[in-house]
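First up is the structure itself, then whatever we jot down about it.
The values are calculated or read from the model by the stated rules, or taken from the named source; none is laboratory data. From a predicted model like this one, the values you see are computed outputs, not experimental measurements. Quick reminder, even Gly has a Cβ in these numbers, built from the backbone with ideal geometry, and neighbours come from all protein chains shown. Note: accessible area is taken over every heavy atom of the protein model, side chains too, but ligands, DNA and RNA are not part of it. Shrake-Rupley method; radii C 1.70, N 1.55, O 1.52, S 1.80 Å.
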Amino acid sequence: MNPKRCAACRYLRRRCPKDCVFSPYFPPNNPDKFACVHRIYGAGNVSKMLQQLPVQTRAEAVESLCFEATCRVEDPVYGCVGIISLLQNQIQKTQNLLPRTQAEISVAQIKPSQNQHSAFM
Amino acid sequence: MRGHEPRSSSSCAACKLLKRRCTPTCIFAPHFRSSDQITFAKVHKVFGASNVSKLLSEVPEEQRQETVNSLAYEADVRLKDPVYGCIGAIASLQKKMLELQHDIAVARNRLLAHNASGVNNNNNHVLSTLDDSPQLAAFLDLVPYSDLMLLDGSGLDAYLYDIGPPPFV
């Protein structure tokens, strides 16, 4: 067995060719990374996705796939989409808050000497 | 002589695409109606039918529709942005959130400058809504991507509009 097989080829129990699409991104010292991506996307799909990308973007693509796969393993129902939902909700709440705060500023500017009883919520 | 067994005319979108008979116990049928083949096609392209089947079999039945919805959303975003997928969306939303937090902080400081000290409690309350999600706070601290993939502000709104809200906001 070639000890220098990448993590993907070791997992798939096959020879690791010199032009292996996985080897630059799945080093043998991190087998869990490929295992996670393979579990969610499948080696074939990952290979196809990488081959359709310019070489200089593949490292970023692998990292994003790994992150999404990890999120999906931890939360099988929502995956990383749960994080997007959470962020969008928070942004909406914060966007609703800003005009009110700015209105308070306007009121304070008009009546700077009076006590202000502000109610933000 | 055995003839080819005809496919059911009510095959789900998955079985139609996979060209197989749709059985009454098909795990895809409740969630991929034959009228919407595009959704399954996208999910299959990104995740693969067998992986989707495994994922669905690992969640309780009452949560499978939500799972399919999130998989469809994730697949759609990945096909639109093959390099960053949903991580690009997360990074963009983080950036927007930081900008809003900055705006709130600026507004708060202006209020402090105009008001007496009696409104300090209210200003703390302003910020408290930003901190009411410990999960979000923990995530924002841990995700390494925010520094790498911040979209330019001019394209941010268009990007967010394009990906749309998740199906369960």
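Just a few scattered comments:
- The listed residues are B:75, B:105, and the only one of them that is part of a helix (DSSP H, G or I) and under 13 Å from the mean Cα position of the chain (by Cα) turns out to be B:75.
- Selected residue (criterion: nearest to residue B:43 (Cα to Cα)) from residues of the stretch A:17-63 that are outside any helix (DSSP H, G or I) and touching a Pro at 6+ places or on another chain (Cβ under 9 Å): A:52
- Within the stretch B:95-132, being within 19 Å of residue A:94 (Cβ to Cβ), modelled with pLDDT under 70 and either facing chain A (nearest Cβ under 7 Å) or open to solvent by 40 Å² or more (accessible area, probe 1.4 Å) (or both) holds for B:122, B:124, B:125, B:126, B:127, B:128, B:129, B:130, B:131, B:132.
- On the stretch given as the stretch B:72-81, residues that are at the interface with another protein chain (Cβ under 7 Å from one of its Cβ atoms) and open to solvent by 10 Å² or more (accessible area, probe 1.4 Å) total 1.
- Residue count, the stretch A:33-62 (criterion: more than 8 Å from chain B (Cβ to nearest Cβ) and in contact (Cβ under 8 Å) with a residue 12 or more places away in the chain): 14
- Selected residue (criterion: nearest to the chain's Cα centre (by Cα)) from residues of the stretch B:49-71 that are more than 8 Å from chain A (Cβ to nearest Cβ) and surrounded by 23 or more Cβ atoms within 10 Å (Cβ to Cβ): B:68
- Some residue of the stretch A:78-88 being touching a residue at least 24 places away in the same chain (Cβ under 8 Å) and touching a helix residue (DSSP H, G or I) at 6+ places or on another chain (Cβ under 7 Å): no
- Complete set of residues in the stretch B:82-92 that are farther than 19 Å from residue A:87 by Cα and either assigned to a helix (DSSP H, G or I) or open to solvent by less than 50 Å² (accessible area, probe 1.4 Å) (or both): B:83
Residues are listed down the side, and each one gets a yes or a no for (1) open to solvent by less than 70 Å² (accessible area, probe 1.4 Å); (2) acidic (Asp, Glu); (3) more than 17 Å from the chain's Cα centre (by Cα):
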{"position": "A:5", "(1), (2), (3)": "yes, no, yes"}
{"position": "A:15", "(1), (2), (3)": "no, no, yes"}
{"position": "A:29", "(1), (2), (3)": "no, no, yes"}
{"position": "A:41", "(1), (2), (3)": "yes, no, no"}
{"position": "A:44", "(1), (2), (3)": "yes, no, yes"}
{"position": "A:74", "(1), (2), (3)": "no, yes, no"}
{"position": "A:85", "(1), (2), (3)": "yes, no, no"}
{"position": "A:95", "(1), (2), (3)": "no, no, yes"}
